[in-house]
Structure formats: structure tokens, C-alpha cells
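Each value in this text was obtained by applying a stated rule to the coordinates, not by laboratory testing. Everything numeric here is computed off the predicted structure, so don't read it as measured data. Neighbour counts are summed over all protein chains in view; Cβ atoms, including those assigned to glycine, are modelled from backbone coordinates with ideal geometry.
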2 protein chains.
Amino acid sequence: MNGLLTDLYQLTMAAGYFEAGKSREVATFELTVRRLPPNRNFVLACGLPQVVEYLLGLAFSDEEVEYVRTLPQFARVSPRFFEMLRGLRFTGDLFAVPEGTPVFAGEPILTLRAPVIEAQIPETYLLAAVAFQSLIATKAARIVNCAGGRPVIEFGTRRAHTAEAGVLGARAAFIGGCAGTSNTLAGFRFSVPVMGTSGHSWVMSFASETEAFRHLQKLLGDNAVQLVDTYDTLEGTRKAAALGAPLWGIRLDSGDIATLAREARKILDGAGMRSAKIMASGDLDERKIRAFVAGGVPIDAFGVGTDLATSGDAPSMGAIYKLVELDVGGITRYTAKLGTEKGTLPGSKQIFRLADHDILARSAECCAGSEEALLQPVILGGRLIEPLPGVHSARKRAAEGLAKLPPELQSLDTVAPWPVRHSAELTQLVETARRNLQ
Amino acid sequence: MNGLLTDLYQLTMAAGYFEAGKSREVATFELTVRRLPPNRNFVLACGLPQVVEYLLGLAFSDEEVEYVRTLPQFARVSPRFFEMLRGLRFTGDLFAVPEGTPVFAGEPILTLRAPVIEAQIPETYLLAAVAFQSLIATKAARIVNCAGGRPVIEFGTRRAHTAEAGVLGARAAFIGGCAGTSNTLAGFRFSVPVMGTSGHSWVMSFASETEAFRHLQKLLGDNAVQLVDTYDTLEGTRKAAALGAPLWGIRLDSGDIATLAREARKILDGAGMRSAKIMASGDLDERKIRAFVAGGVPIDAFGVGTDLATSGDAPSMGAIYKLVELDVGGITRYTAKLGTEKGTLPGSKQIFRLADHDILARSAECCAGSEEALLQPVILGGRLIEPLPGVHSARKRAAEGLAKLPPELQSLDTVAPWPVRHSAELTQLVETARRNLQ
């Protein structure tokens, strides 16, 4: 079961809430992008199905409860707490920005409202699930944007932080705009298109490169992508070209890719293989791809691994999960952390997206007009209200959401931020709450 | 089952080997640290139990095989291949450097020898499992070394790349020298000591900070760590100090930590709480910790999250899994990828560690003397030969292994590398093999 997939202090606090008689207080937490990662002007929200799966499955086995009971931090906790833990299920509400939506600093991606213990324990899992997939989807969008219409394939599972991160990263990369992934399980579990070529071991396992190429061609026909850099890239290209059709093309994975691609193109064209394509891979990132495209290097597709699967230039995101309201016997207390750098805003919120800015408002506010309310109900009273959209819908939403924003927000560096204004009601609540807290 | 947890091209190559009549050829692959991550002078090998679990469980369900069969890349593959896949198990041998061992660039961490299909499919999983945990263990060792004997606790699951990465990262961080982790599941699954404090929501959920502190103290006694920065750090410290014993101490999580720690120390001492400790957390890394320690800042323990859980300054590692030998009907072919930058060395190898250098030798060589052969048998003929050591043994091995190396290798920046020399036999094999391949 998944109950222990959390930081110990969530369970300590749960015991504390229980012992302090606070179990029935209803907490509202928001998961917010505090700061955008460096050189980003947006983040694509991603990871919602994993959040839902976690919440609907939240439970502790007897053995897990017994483990908690034996910890020194729980020595003074009453047996009734462990009884409660054994029967704990998520009975609350979840509101979320749909997957693929671009969001900005200070905006909540999820709002969770539940009895305080059920709302506290999920913090750790939810942050990890949403921040990671959102990072990868965002990174993919950057790379795909630089590739100027050429397909980008996610190749990074081997560099992901565990194989499971490879699967979920492949999912997120597809939502961010990749054409597919090499991760087979992401295809099986999430219907992400799966793609692939062959590795150096394939070539090495045959007595000659030509023999390896011939066998691959026989197996894959015009899906065959010949990896030509095992011994000598241009020699390898000549051998691949000499076999003739059928052939998708070749893959370059090392060396001076720009020069090799130009030479390889000449070799393929010279052999009458004008329709054979060139895929590049090997430590690529958005800046290298932008340079290839700007330089007119004849590359038809990119395979991106390490830098995409780890969001290499920004491997973490400042997401937070903060208590914004607490209902205590029918009375609502608005809560906030103070501080200029890491302060939070009290009260449950809604995001309205307009043509040229967002409005962060209190959750009960209505904006008249054509704007879109981004936070939508997903789970109510512990039940999923309707099946979530799949990866193809999320990918479409990401593309459409980005297309509606100014193109400069897709710059690889920081530009003027998308304006996120606070509604008058929210501004007033913030002032009142901060005064009360000081 | 875990069979699809791999790149598609591993399965395409598997089908290709099958169709080319190569199923019985026995391949030897090595998983090698090609390059050390930036600013590292060693890597701590980590992740072996996950490798073993994967290999012993390698299998495809009927549904998974059916999925593969429907892919366009498998349209020409004969039905017998899918029959084979359905019954596939790992029957080969695994040799590995024990967890916690420091290794260097060019050294294999694992050697896998099996019929070529069984040896090819695991590549993706093995690279992800070993590279990720090794990165985190190495990062932990850097941080712990800078903390000069003060305990470092791993707090990073919320920033890990999926919650599962949080669990395995916590495991690796403990092996690298952390005193414990906040990740409860890492405690349950791997016996890593679990630790924790309380969060801002705990403080915010009470009408006053003092009330929150009092309830935590009642719950935890001298395990209580009061988080004092929700509203005003020094005011919070005064309130915590005013409650008196029992108390472990306080945690500072934001602001100018060095200044706040000095002021907080005065407040605690002034209140007669000399035994109360100060823990610091909040975007720490090894360089900040080194500066605190060098500056005599009164911090007794460090909680490190984001930067440790993602190996923030080096989130990926250039590990490779390359075919080094292929036995075809009793004849061994030695294989290598050529190229100055990404070339590989043929032949199965052994690492001998001596007092002032390592020797990379052919696997059958014996070094006379007191040196240690690092690659040891783990799985033979598909069976685990003995239970693996747990995390406590691996942690001890890491500490002892690092203690035997020159202290400057633990510098935060690159120094003269630990010498890894090639044996005469290996040198000869490399020359012969490269000549034959050109």
C-alpha cells in the first residue's frame, strides 16, 4: 500500500492532530509553483493521473501501521491513532488545473480539501509527482519548440532517476510535445507512441557492419534506422547507403554532428537515397538543437535522452504545498506563512486566464466574461467525478495553451513574465489575514 | 511484470538476434562509469539490490507480449519469437562491485554474462538503477564530508523524480553517509533510520505558535524539533525557548541562516536551554554547509532536500552498458566501439585496488599481493549465490573505502585523478581487437 510513501513528519503531524483533537478540522492545501525554474517563462502542469491514483488508493496495511507504531517518535501516541490509520481513506475533494495547461509563478496547480490528517499525509507524494512530470513536460516543450517541426523522440529512460521516473518522464515528454518515446512501458501503460532504432551492441554482435545493417533492414524494412557510428561514421553511412531501400535512414550518435550530418547527407544523396532521413542523438539539448536548425544542418529528427529525462539544466522546481484555510467547527481560519521570500497567500483560490493576463482570485469569485477558470473539480467526497483525459488530450491542450500565449514566453531565457494579477477580494483577504497573524 | 521496463530497441534487437539465429550466442556486457560527473573524483557504486531484483524477476506477461506483437516494428517477426519472450527468464551470471565501493572513470560496476537476448533487454533498467543511486550516494558523501561530523538528514523526497526515486534516493543517501532520512518507506523497506520534525502547516493549524509548540512537545518530548520560521524566526525561537525542556531543539528553514542561527543560539542559551540544538534546512548544498562549518555557525544538524535528492549540480552520470565479448559456438569475439571520445575497451575485466592505484585487468588475471578484486560474483546461472549485504554494511563499506583513499579525492572540485592503470594483458587485447575491427 502507499501510506508510507511520505515524509515521517506528515505521520508525526497526523498523530499530533489526532492527539490534539483536530481530526475533524477540514484543511485546504494548495500545491503551488512558488518560483518558475531558471530560464523558464511557464510550466506545463502534468502528473494529475498519478495524484488521483495515489489519493484513491491511500491506505496503510497492518504491517505498515505496525512499523509506524514501533518508531520512537510514536511512543506516546495512543492506540486509537493506529486504529484510525488502519482504516484511513481519502474522503476529500481535489481540484486541479488540467494536464497540459501552462501555469505561472504563484499559481496553484492543485487544491486539496479534506479532514486535516487526510490532507497532510499526501503532501510529499503530490509534490514529487506533480513537480517532476511538470518539469519534464516543460523541458520537452522547450526542446520541441527549438526543433522547428522536426520530430523529437524521448530517449532518456537510462538516465532517469529510477526506471519508474523513465516511464512517467516519457509520459510527460509526450504531453510536452515529443513525437514519441523509446520507453516501451510508457507505450503499454499510457499509449504513448513508442519508437526506436538499434544500439551499438547490435552492430558489434555481427562480424561486419554490413551484415548487421542487412539483418536490421530485413527485420524492419522502411522502419530501419541504421546506427552508423560504431566504428567510423561516414564509412558506416556508405555501408548503409550501399544496401539501398527499404530504409528509414541513419542515426548519428557521436562526433561533430553538424559536420557529419552534412557529409552523410551527401553520401545518401549520392547513392540515390534522397528519401533516407538522418536522426541525431547523443547529449543533445534545446540550445544545440536550435543551433542545428538555425544552421540548416540536414537533420530530420532528434533523439533526446539525458537532458530531457532529467530536465538537466533545471532538475528541480520550487513547488510547495501549503495550508491556506482551516475549517474549525464551521469557522474558517485563513492561514499563511509570512516572509518576503517564502511567504504564502491565504485562502482557497481560483485562476482565471484572460487574453493577456491571469487573475488569481478567491475560489468563490466569478469573473464575468470569456475567461477560463483553470482549477476544476476532479475528486469530490473521495470519488473521481469522471475519467481523466488521456495523454493525447493533454498534449493537445499543451500545444493549444502555448499557442494562445505570446510566442516570446517560449524563449529559452527569461523574458517579461506573463502578468498574474490578484483580484480585489484576494488582495483584501491577504491584508486582513497577514494583519491577524502578526 | 518488468519485461517492458526497457527501451523498445532492446526488444527490436532481441527479435533481430532471434531471427538471425543468434539466440544461443553468449554476450558479456559491462556497465561502466565512462566519465565521472563534473567536480567529482569518485563515484560510490550503489543500486545492486535493485539490479538483482530486476534480473531475478525478468519476465513478460501474456498481455505484455501481445502488446509488443501489435507494434509495427514487430510486423515481420515470427510467432516463435513471441513464444520465446513469454517464457524468457534470466539464466546468466552477474558480477558486481559491492555497494558502497568508490569507483573511478573507466571502471565497470557490473558485468553481465548471458545469452544475448537476456543480456540485451536489461540494459535500460540497469543503467537507470545504478547510475541514479550511485549519483545520490556520491552526492551524500560530498555533503556529509563538508558537515564535519554533524549529522546530515536526507529530506528530499518531495523534490525527487517520482516518489519511488525518493525512496531509493533515501537509501542511497544513507549509504553515502547520511544519518537518516525523512522518507518513511525507506525505513520500512530498507531499515534506513527515519527522522523528522514538523512542517509549517502544523504551526499554522493552531491559533498560536506557542500552542503548536506545546502540542508537539507533549507528543515528542525530547524528540521535538520546533520549526520556528513560520511567522518570525527569532520570535518563534523565543516562544520555543520559553517552553523549556524537554526539547531536541529548533529548525531554521528560511532567511539568512548563519545570522539567525547565531541569534537563535543566544536566545536558547539565554533561556538556559544550552542543550537545545539547532537544525538548518532550506535549499542547502555541500558548499553552503562547508561555509557554515568554516564560519563556526552554531548549527548542530543539517536537513538537505532538493540538492541531494536530485544531485542538483550533477543530475546525470555518463554510465554505459557495452558489449565486450561474444561467445559464438565456443569462439570468443572481443568487441568494442571505436572513437576517441566514446570508445570502449573489449573483453571482460576485473578491477584490482592497490594502495595507491587501481589496475584494470582482464577478468581471468590474478594479481599477486594484497590488492582487492572488486568485481565479485552475485548471480550464477540465474541464481543469487548469497543474500546481499544490507544498507548498513554498504554504508560502512563506503566510509571505509573513502577513508583508504587520499583525502583530496573528497574535494568539492576536481583534483588529480586516482590512477587507473591497464594491465599488460588488457593493453595487448585492446590493441589486437582494435586492429581487427578497423
*With 31 Å as the limit, write out which pairs from B:Lys266/B:Lys396; A:Lys22/B:Lys266; A:Lys349/B:Lys266; B:Lys288/B:Lys404; A:Lys342/B:Lys266 have Cα-Cα distances beyond it, or answer none.*
B:Lys266/B:Lys396; A:Lys22/B:Lys266; A:Lys349/B:Lys266
_Give me log10 I(q)/I(0) at q = 0.08, 0.10, 0.11, 0.15 Å⁻¹ for the range A:139-309, Debye formula, one equal scatterer per alpha-carbon, no solvent._
-0.23, -0.36, -0.43, -0.81
*Provide an ascending nm list, one decimal, of label-point separations from A:Ser23 to the equivalent residue in each further copy; define each label point as 7 Å from Cα along Cα→Cβ.*
5.9
*Can you list residues whose amide H is under 5 Å from B:Arg34's amide H, if they're 5+ apart or on another chain and H is modeled 1.01 Å from N?*
B:Gly106, B:Ala319, B:Ile320
*Pairwise FRET efficiency - B:Asn39 versus A:Leu354, Cβ, R0 = 60 Å, nearest 0.05*: 0.85
*asked:* Order A:360-367, B:198-205 from most to least packed using the mean count of other Cβ atoms within 10 Å.
replied: B:198-205, A:360-367
*In percent, what relative contact order does chain A have, based on Cα pairs under 8 Å that are 6 or more apart in sequence?*
22
*Within 10 Å of each Cβ in A:14-24, the average number of Cβ atoms from other chains*: 3
*Sequence of B:Phe292, A:Phe213 once ranked by neighbouring C-beta atoms within 10 Å, starting from the fewest*: B:Phe292, A:Phe213
_With θ taken as phi - 60° and the coefficients 6.51, -1.76 and 1.60, list the Karplus ³J(HN,Hα) couplings across the range B:136-149 in order, rounded to whole Hz; mark glycine and proline as x._
6, 4, 5, 4, 4, 4, 4, 5, 4, 4, 6, 7, x, x
*Please give the average number of partner chain Cβ atoms lying within 10 Å of the Cβ of each residue in B:322-332, rounded to a whole number.*
2
*Contour minus Cα-Cα distance for A:Arg80 and A:Lys396 (0.36 nm per residue)*: 108.9 nm
_Estimated [θ] at 222 nm from DSSP helical runs (n ≥ 4, -39500 (n - 2.57)) normalised by residues in chain A, nearest 500_ = -11500 deg cm²/dmol
*When only Cα pairs under 8 Å and 6 or more residues apart are kept, what is the percent relative contact order across the range B:196-276?*
28
*Tell me, what does the Kirkwood hydrodynamic radius of the protein assembly as shown come to in angstroms if you use every pair of distinct C-alpha atoms?*
28.5
*Label spacing, shortest first and in nm, from B:Arg35 to its equivalents in the remaining copies (7 angstrom along Cα→Cβ)*: 2.8
*In whole Å, how far is the Cα centre of the range A:72-147 from that of the range B:222-253?*
27
*Under 1.5 on a/c is rounded, so check that first for chain A, then, if it is not, pick prolate when a/b is larger than b/c and oblate when it is not; a ≥ b ≥ c are the square roots of the alpha carbon gyration tensor eigenvalues.*
prolate
_Residue by residue through the range A:416-425, what is 3J(HN,Hα) from phi via Karplus (6.51 cos²θ - 1.76 cosθ + 1.60, θ = phi - 60°)? Round to whole Hz and write x for glycine and proline._
4, x, 4, x, 10, 9, 9, 5, 4, 5
*Name the shape class, rounded, prolate or oblate, that the alpha-carbon gyration tensor gives for the range B:196-276, where a ≥ b ≥ c are the square roots of its eigenvalues, rounded holds for a/c under 1.5, and otherwise prolate holds if a/b is larger than b/c and oblate otherwise.*
oblate
*asked:* Using alpha carbons only, how many angstrom separate the centre of the range A:357-390 from the centre of the range A:7-21?
replied: 30
*With the Cα gyration tensor of the range B:277-381 giving a ≥ b ≥ c as the square roots of its eigenvalues, does the rule (a/c under 1.5 for rounded; else a/b larger than b/c for prolate; else oblate) give rounded, prolate or oblate?*
prolate
*Could you grab the relative contact order for the range A:139-309? Cα pairs under 8 Å, six or more apart, rounded to a whole percent.*
27
*What list of ³J(HN,Hα) values in whole Hz, one per residue of the range B:108-125 in order, does the Karplus curve 6.51 cos²θ - 1.76 cosθ + 1.60 (θ = phi - 60°) give from phi, with Gly and Pro shown as x?*
x, 8, 9, 10, 10, 10, 6, x, 3, 5, 5, 8, 6, 4, x, 3, 4, 5
*Between B:Asp222 and B:Arg434, how many nm apart are label points set 7 Å from Cα along the C-beta direction?*
6.4
*Could you sort B:30-36, A:320-326 so that the peptide with the highest average Cβ count within 10 Å comes first and the rest follow in order?*
A:320-326, B:30-36
*B:Leu168: net charge of surrounding residues, Cβ under 13 Å, Lys/Arg +1, Asp/Glu -1, itself excluded?*
-3
_If I model a spin label at A:Val420 and A:Arg89 as a point 7 Å from the Cα along the Cα→Cβ vector, what separation in nanometres do I get?_
3.5
*For residues of A:307-318, the mean tally of beta carbons on other chains within 10 Å*: 5
*What is the distance, in nm, between label points placed 7 Å from the Cα along the Cα-to-Cβ direction at B:Arg274 and at B:Leu380?*
6.1
_In range of the label at B:Ala59: residues from the range B:1-21 whose backbone nitrogen is under 13 Å from the point 7 Å along Cα→Cβ_ = B:1-3
*asked:* Using a label point 7 Å beyond Cα on the Cα-Cβ vector, give me the inter-copy distances for B:Gly330 in nanometres, one decimal, shortest first.
replied: 9.2
